[in-house]
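Each reported figure results from applying straightforward, stated rules to the coordinates on display, with no laboratory input. It should be emphasised that the depicted structure is a prediction, and the values quoted were computed from it without experimental measurement. Don't worry about glycine lacking a Cβ; one is built from the backbone with ideal geometry, like all the others, and counts go over all protein chains shown.
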Amino acid sequence: MTKLTFIAHDGTQFDVDAENGSTVMENAIRHAVPGIEAECGGACACATCHVYVDEAWTAEVGEPEAMEEDMLDFAYDVQPNSRLSCQIKVRDALDGLVVRVPERQG
Amino acid sequence: MKNGVVIVGAGHAGVQAAASLREDGYDGPVILIGDENELPYHKPPLSKTFIKDAEAKPQPLRGEAFYTGSAIDYRPGIRIDRIDTGRRSLEISGGGALAFDHLILATGSRPRTLPLPGSDLSGVLSLRSLADARLIRDLSAQSEDVVILGGGFIGLEIAATLRAAGRTVTVVEAVDRLLGRAVAPVVASHVRQRLEATGVRILTGTSISKLEGENGHVVAAITSSGERLPARMVIVGIGAVPNVELAQAAGLTIANGIRVDLQMRSSVPEILAIGDAASYRHWFTGGDVRLESVQNATDQARLAARTITGHADAYSAVPWFWSDIGDMKLQMVGLTAGGDSHVVLGDLPGNKFSIYHYTGDRLLGIESVNRPGDHMLGRKMLGAGFSPTPETVAMGPEGLKAALAAFQQEEPARAAG
């Protein structure tokens, strides 16, 4: 199990155990983290699972691929550390990952 | 007002309606009734990732924690026999009644069936539910030959998925092109070419006259021209019909779906209908539609919750839709039926392009293949009421973005969103 921390927009913190191979988005949904809608279920088709990756983790998480970047372009309040959480797969190296949820999706 | 809201149907629409009622501050009981024994799940992955991977799990729409944390009383495995509109009460199959202040019918649609000799053989399947997807996944693991009846989105998504998993796949479509009227001919022929390049066999203008079986299991499909297509599995994907029976028996107005107004109210005002089962006058085209899409389901759900909580917004969401067929991410925005001209951006042979459809000088919608930026920008443009000229479209995404920004500055009242 890999530990993830979600920080909702109101500051509420969710510490969860995630299975490797699952996506960060799936774990947010499982634990009802507010502000992650994930309307398309992980198809990279809706841009409603936008998160900010904690600065300490951006290098390990990596950059979005071109398709994700195009979708992200239209998310609300995009920052350099923005990612779509359905495109981040949980793995050992992400143990301790912290992501923040934006004020709103889209 | 304390019987609360009962929602019949726990698909995308029903679950979103429950969530939106709470987000909008509704504090009465919210009871969500589903006829499957599952935590409500995403349907689109069923024709794609789910059936190719024996280990894949269903993707819940919301975690269990959501229902308990939001005081949503989810009741799985329940069927409703009848709506008593006078008493505002539901009869539960097997006994019991459930009273409501408001009822939301999110009953969805079901696969159209094909009256065909042999269609009752085992191995003849259609895809709607998780249970269907599990059957397809299990059977495809032991079926070399698969025949898919219907060249629509579901059929082609499954065809691409099973072909990638090494099956011999034949798609049989009765009309002379794929994807019906859902996309432009140029998109349909592009999809066909790419699927054929992967080895999917596609027969258009062809129907199936009968299915042959051995020991009760399908072994072949016979085409109208007499060809025998071996098949251990036949998947029927020829469209869906709305589940209107409950509403119809209760006397609600039906018109290709449960007829609703722009606040999602049926002909009985405390009964609302949303999603695949609802038909309505569309703000964008002025025509009557019934849309089968996640976007339509969830946006109508949000609106139904607002109607119940005392707002009177009219439905005005921009329609959008996606389909993943092999290496093609198709994204559609707007409603393009009735278009009389179009502009192409991008690179067809490179598998990355968008088609901008017009009627006169009005942009009706955009179909994109592997150009998600065009799609997202299209959602913004149509949402803002902005119709770029074909010349502006030809300038590409940067020119379009600038033109949209200029439009929104001129019309700040419309710039929201």
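Could you tell me the calculated FRET efficiency between B:T253 and A:R91, based on Cβ-Cβ distance and R0 = 60 angstrom, to the nearest 0.05?
Efficiency computed from Cβ-Cβ geometry: 0.65.
Among B:L179, B:L335, which comes first, second and so on when ranked by fewest other beta-carbon atoms within 10 Å?
So the ranking, lowest neighbour count to highest, is B:L335, B:L179.
Non-local amide H neighbours of B:S279 (under 5 Å, H modeled in plane, Pro and chain starts lacking H): which ones?
Those qualifying (amide H under 5 Å, at least 5 residues apart or on another chain) are B:I258, B:R259, B:V260.
To the nearest whole number, what is the average tally of beta carbon atoms from other chains within 10 Å of the beta carbons of peptide A:8-21? Don't skip to the answer; put the middle values down first.
Details: counts 0, 0, 0, 0, 0, 0, 1, 0, 0, 0, 0, 1, 0, 1.
Mean shielding count: 0.
When only C-alpha pairs under 8 Å and at least 6 residues apart count, what is the relative contact order of the range B:327-414, in percent?
25
Would you kindly state how much longer the chain becomes between B:E214 and B:D361 on full extension, computed as 0.36 nm times their sequence separation minus their alpha carbon distance, in nm to one decimal?
This chain segment gains 47.1 nm when fully extended.
Using the structure shown, list the pairs from A:K3/B:K401; A:K89/B:K48; B:K43/B:K352; B:K52/B:K329; B:K352/B:K401; B:K2/B:K380 with a Cα-Cα distance above 29 Å, or answer none.
A:K3/B:K401; B:K2/B:K380
Specify the residue with the greatest mean-square fluctuation among B:F353, B:F153, B:F407, computed from a Gaussian network of chain B linking alpha-carbon atoms under 10 Å apart.
B:F407
Can you give the % of DSSP beta bridges in chain B that are antiparallel, to the nearest 5?
Of the beta bridges lying entirely in chain B, close to 60 percent run antiparallel.
Where nothing but the Cβ of Lys and Arg (+1) and of Asp and Glu (-1) is charged, how large is the charge dipole of the range B:113-238 around its Cα centre, in debye to the nearest 20?
Value, rounded to 20: 320 debye.
Once the Cα atoms of the range B:289-355 are picked out, what are the Rg and Dmax in Å?
Computed over the Cα atoms of the range B:289-355, radius of gyration and Dmax are 16.1, 51 Å.
Suppose a student asked you for the relative contact order of the range A:2-100, using Cα pairs under 8 Å spaced at least 6 residues apart; what percent would you report?
41
Using only DSSP helix segments of four residues or longer, with each worth -39500 (n - 2.57), what per-residue ellipticity at 222 nm results for chain B after dividing by its residue count and rounding to 500?
-7500 deg cm²/dmol
Using a ≥ b ≥ c from the Cα gyration tensor of chain A (square roots of the eigenvalues), is it rounded, prolate or oblate, where a/c under 1.5 gives rounded and otherwise the larger of a/b and b/c decides, a/b for prolate?
Taking the square roots of the gyration eigenvalues as a ≥ b ≥ c, chain A is rounded.
Let me check against my output: what whole-number percent is the relative contact order of chain B, with C-alpha pairs under 8 Å and at least 6 apart?
In percent, rounded to a whole number, it is 14.
How would B:I208, B:I258, B:I51 line up from fewest to most surrounding beta-carbon atoms within 10 angstrom?
B:I208, B:I51, B:I258
How would the range B:113-238 be classified by its alpha-carbon gyration tensor: rounded, prolate or oblate, with rounded meaning a/c under 1.5 and the a/b versus b/c comparison settling the rest?
Since a/c reaches 1.5 and a/b is larger than b/c, the shape of the range B:113-238 is classed as prolate.
Describe numerically, in nm with one decimal, the distance between label points set 7 Å from Cα along Cα→Cβ at A:A56 and at B:K2.
Rounded to a tenth, the inter-label distance reads 5.0 nm.
Where the only charges are on Cβ atoms (+1 Lys, Arg; -1 Asp, Glu), what is the dipole of the range B:68-167 about its Cα centre, to the nearest 20 debye? Intermediate values should be presented prior to the final figure.
Numbers: 12 positive and 11 negative charges, 26 e Å.
Result for the range B:68-167 is approximately 120 debye, rounded to the nearest 20.
I need the shape label for the protein assembly as shown. Rule: rounded when a/c is under 1.5, else prolate if a/b > b/c, else oblate, with a, b, c from the alpha carbon gyration tensor.
It comes out rounded by the Cα gyration axes.
Please give the peptides B:106-116, B:389-399, A:79-89 ranked by average Cβ packing (other Cβ atoms within 10 Å per residue), highest first, as a rough proxy for protection.
Per-residue mean Cβ counts within 10 Å order the peptides as A:79-89, B:106-116, B:389-399.
Just counting partner chain Cβ atoms within 10 Å, what average do the residues of peptide A:34-41 show around their Cβ?
Partner Cβ neighbours, averaged per residue: 5.
Using bins 10 angstrom wide from zero, how does P(r) for chain B break down, in % of all Cα pairs?
5, 20, 27, 26, 17, 4, 0, 0
Neighbour counts of other C-beta atoms within 10 Å: give me B:M264, A:M1 arranged from fewest to most.
A:M1, B:M264
Treat every Asp and Glu Cβ in chain B as -1 and every Lys and Arg Cβ as +1, leave all other atoms uncharged, and give the resulting dipole magnitude about the Cα centre to the nearest 20 debye.
With only Lys, Arg, Asp and Glu charged at Cβ, the dipole is about 80 debye.
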